[in-house]
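Coordinate-derived values only; no laboratory data. Note that the structure is predicted; figures quoted are calculated from it, not measured. No Cβ is skipped: glycine too gets one built from the backbone with ideal geometry, and neighbour counts run over all protein chains shown.
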Amino acid sequence: AAAVGTALLATTVSTQALAACEDGEIKIKFSHVTNTDKHPKGIAATLLEKRVNEEMNGKACMEVFPNSTLYDDNKVLEAMLNGDVQMAAPSLSKFEKFTKKFRVFDLPFIFENIESVDRFQNSETGEALKNAMRRKGLKGLAFWHNGMKQLSANKPLLVPADAEGLKFRVQASDVLVAQFEQLGANPQKMSFKEVYGGLQTKVIDGQENTWSNIYGKKFFEVQDGTTETNHGVIDYLVVTSTEWWDGLPDDVRTQLATILKEVTEARNAESFKVNQENKAKIIEAGGVVRTLTADQRKQWVSALKPVWDKFTDDIGEDVISAAEASNA
Ligand code: LMR
């Protein structure tokens, strides 16, 4: 299968052949929601597609559908269990219906930086999390980094009280709902593709995301500014259906796993840099970026820490301790 550039339209994809595929090849549809250009997930998915199509020619073929063109982030896991899509990389906040263990990733200020997240994901505890949904039919293949979350709104946010009364979009995660309620704000669950419109029409006042998503989807254009809070993480689980994965011929599964591991290591090492480039682009385009003083940051940390207690039982003390230990 030769590498392909353009994606087929979502509505026709289930009935049409994939552009990269030839007869007899195992077809792999990879669905995600972000842009492809200058985005940690977009770049990684495109690289994976290219390598599968070049190196597994005759055996397997892959087509990536970015920008929610195939499935919305809230629908893709059901589609996977129905066999309509084979791979995806939803953010770790979007697995709530399948496991409560992933709530650890949403606890505010639990990770100091993306290196801490990396150490935790590669620890024994992190490895075990990939298999947390096996009984529900989902298999985690790899963690992909995006980066740390920043906070934006239609007014300056410097201390926790600034967020009071504002409506914030959150991903479909109860931890993130609790986080904004803790600030006296109004969280609203919304899919990624609706965020820009929501901000523009003022259905919501603010949102939290990485530099690459804030630049990639132009959120900064419809916000007063973004505060560099690094208060949480947006990372991904590359996920597949256990049934599909176990049914692959051994040589195909092994080769696919090897390519994925290499792509993961190569791209995770670049994710911080990619986000910094996006931050620079925001500033270049006239977007306002605010930083916190040490004292302001302390205020956010202590305002949000009570959120942890609400989810300790779901996550497990052992998992939380392992996450904290990764900050060393
Ligand atoms: C979001 O919904 O804000 C992000 O998870 C989108 C993504 O996949 O980066």
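Listing for the model above:
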item	result
Over the chain: helical MRE at 222 nm, DSSP H runs n ≥ 4 each giving -39500 (n - 2.57), nearest 500	-11000 deg cm²/dmol
16 Å reach of a label modelled at GLN299, 7 Å along Cα-to-Cβ, counting backbone N of the range 167-184	183-184
Nonlocal amide H pairs with VAL64, under 5 Å, H built at 1.01 Å	PHE30
Sequence-distant residues sharing a close amide H with GLU228 (under 5 Å, placed H)	ARG290, THR291, LEU292
Column: log10 I(q)/I(0), Debye, Cα scatterers of the chain, q = 0.07, 0.09, 0.15 Å⁻¹	-0.27, -0.45, -1.25
Net charge over other residues, Cβ less than 11 angstrom from the Cβ of LYS279 (K, R count +1; D, E count -1)	-1
3J(HN,Hα) from dihedral phi, the range 234-241, Karplus parametrisation 6.51/-1.76/1.60, rounded to Hz, x for glycine, proline	10, 10, 10, 10, 6, 10, 9, 8
Sparse-neighbour loop sites [trypsin sites (Lys or Arg not before Pro); the range 41-97; at most 14 other C-beta within 10 Å; DSSP]	LYS97
Set LYS155/LYS281; LYS189/LYS298; LYS139/LYS279; LYS202/LYS279 screened for pairs whose C-alpha atoms are more than 31 Å apart	LYS139/LYS279
Loop-resident sites, the range 152-200, for GluC sites (Glu not before Pro), counting at most 14 other Cβ within 10 Å (DSSP)	GLU164
Sequence-distant lysines (8 or more away, or on other chains) whose Cα lies within less than 21 Å of LYS50	LYS27, LYS29, LYS38, LYS41, LYS59, LYS261
Gaussian network model of the chain, Cα within-10 Å springs - most flexible of VAL104, VAL233, VAL252	VAL252
Long-range HN-HN contacts of VAL170 with modeled amide H, under 5 Å	GLN188, LYS189, MET190
